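The block underneath contains the structure these notes are about, expressed in structure tokens.
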Amino acid sequence: MITPAFELTQDPDFLTVIIRVPYARASEFDVYFEGEDFKFYAKPYFLRQLTLPGRIVEDGREKASYNTDEGTFTIQLPKEIPGQYFEGLDMLTSLLAPKKSRSAKPLVEEIAASAELSEEEEEFDWEIEQTPYEGSAGSPAPLQHPYGFGNLRSGVFQRLQDELGDVIDIKDPDQTPAEERRRKRLEAEAAKFEPDHYLADLFEDEGIQRVLMYKPWWVDAHEKMTALQGESHQEHDTHTFVVFSEEEREQMRKFTNKSHLLDKRSCHHVYLGLIDILLAYCYEIRVTEGDKNVESSWNIRKLSATLCWLEVRFFIQSFSCIHDVLVSFGRRVLCYPLYRHFGLVTCALSDTLMILQLGKAAVLKCLLDIHKIFLESDPAYILNDLFITDYCIWIQKVKSKKLAALSQALQKTTLTKSHMGLELEELEAAAVLVQEEENALKAAGTVSKQQLLSSESETSDSEESSSTSSSETEGSDSDERESSTSEDGEINSFQGTLEEERTAPLIDCNGSRQGTNTPALEGSEEKPKLSLQSLSLPGKLIEELEMQMHSAMRLSEQPEGLATAGCTSQEQEENPAPEPDRLSEDPAGKGNFLEVSPKPNPLLFLCSTNEDK
């Protein structure tokens, strides 16, 4: 027979049962309900018995319908007391439990089974001496060093220590008392703590701050619950805020319901272990931001001393052991995982508190996720058998008031860095001092470097300014000397040119010239010409020369004018004649141009210069 998938909902007057039977005949089904019992049968599906949290009656208002497209039966059952609230309708495993007499027998029993070796199996070495395992016959012996859920397990690791060395840190837990487990755990944590890693995560916390800003699903659910409670001032069903997926419902249906007989001391240990496991799970969800990976099972079991060291805790004083759980979790966070920051410890504590305040539905959802993580991890699946499966079954029967009291006790517990026993405050103070000294040295080095650079720049600027001023002074003096020298030379050259022009003979059209002592034109001004050196004279001298040249142009009134001189200069340029060395005079007293003066004629020089240009 197949147990069908089902779910239950309610309103003030009716309880609704939805059963999915896709391969059943709609014409052949049976339904039985009375008081707190409900049964359903439709071949090949059989819902053996549901134990409801409230009573229902058969008064003619019951209804049933079948959806052929979805293959679901929907059955509405009237409540015996209208308006009564049925708690725990989403705890499917607890609803499947039949009413039976409770037994104090151990939860794990050995069942003798014989199995024949197949031919395909590997050959077994029969020569090895074997000692048969001697199990307890009849009533079990008292557990000397128990562990597991409610301290109800013992002897599990005696024959599996080599295979389970990667699951737990303690060696030979069956022979190790609880006090020695605690002492060895504290020693291992102290040896594992690395101050450099802690300080690096403290001062370089970019990635950790991003993780702290992440919001898991329970944060939004808690905000909605708080908002509704603030409006109506009444408690609401957590089923409104926590919704189980179909996969999670299937997990709950696969669990075998059982009753756990726990005394007061064992019950306290179970509650404290629940806090420890939830703290480790909240840290894992935070650092992975909800995207679980192959390291998820390692993180959860490593951070929980309940899972990794099979820690046993009991209430000694009011809330004292809750504080011990928080200290243990905080130390392990600062010693083992990738992110070792105290802010993650306080954040996980806040997350665990919100989950407990949301109720057992939120706690069950987290436990189902842990069960799935361990089931997919080969070495960690044994922890499901020891702890998680029993927690998933047990939490569905826990009263909501007890979880509320546990959350209040957790909320009153404080945790600081001084409680860790790792001298965190001293390390941080020393690191701050070292950092301040380094910053002071860097600042002093920067200031001295700037002062050195500024002094060097001031020295170089002063040297450059002094050299520049001296060079400018020397340059101005040399410029003044050069300008005065050039002006004197130009003036002297100009005066010499004027003297030459005065003494230079004039050439007539017949090729004769006059002597230096004979004036060529009476009553007219002399005709000066420019030389190459006169091109660089100042503006006033040039203007004076221009005025003299204009006045010299008026010589064209004489018969031996400028045109004759121009013709003569052009003919001499085209047919240069040998220059005689001396000057001769005829008997009449007139000068003949028998010999050319050794000094060049300004007119000839100007004419040739104009043609070149």
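Read-outs: derived from the displayed coordinates by stated rules, not from any lab. These numbers were taken from a predicted model, which means no experiment stands behind them.
Compute the convex hull volume of the Cα atoms of the range 5-86, divide it by the residue count, and report the result per residue in Å³ as a whole number.
Dividing the Cα hull volume of the range 5-86 by its residues yields 85 Å³.
Do any of Lys79/Lys258; Lys192/Lys402; Lys215/Lys397 go past 31 Å between their Cα atoms, and which?
Lys192/Lys402
Would you mind checking which residues have amide H under 5 Å from Glu311's amide H? H placed 1.01 Å from N; only 5 or more apart, or other chain.
Thr306
Please list, in order along the range 386-395, the HN-Hα scalar couplings obtained from phi with the Karplus expression 6.51 cos²θ - 1.76 cosθ + 1.60 (θ = phi - 60°), rounded to whole Hz, x for Gly and Pro.
7, 10, 5, 4, 5, 5, 5, 7, 5, 5
Give me the Debye-computed log₁₀ of I(q)/I(0) at q = 0.12 Å⁻¹ for the range 308-425, equal point scatterers on Cα only, no solvent, two decimals.
Here log10 of I(q) over I(0) equals -0.52.
No solvent, one uniform scatterer per C-alpha: report log10 I(q)/I(0) for the range 157-425 via the Debye equation at q = 0.09, 0.17 1/Å, two decimals.
-0.40, -1.58
Starting from the amide H of Gln10, placed 1.01 Å from N in the peptide plane, find each other amide H under 5 Å away whose residue is 5 or more places distant or on another chain.
Here Thr16 satisfy the definition.
Given Lys224/Lys365; Lys43/Lys254; Lys171/Lys401, which pairs have Cα atoms separated by over 29 Å?
Long pairs (Cα-Cα over 29 Å): Lys171/Lys401.
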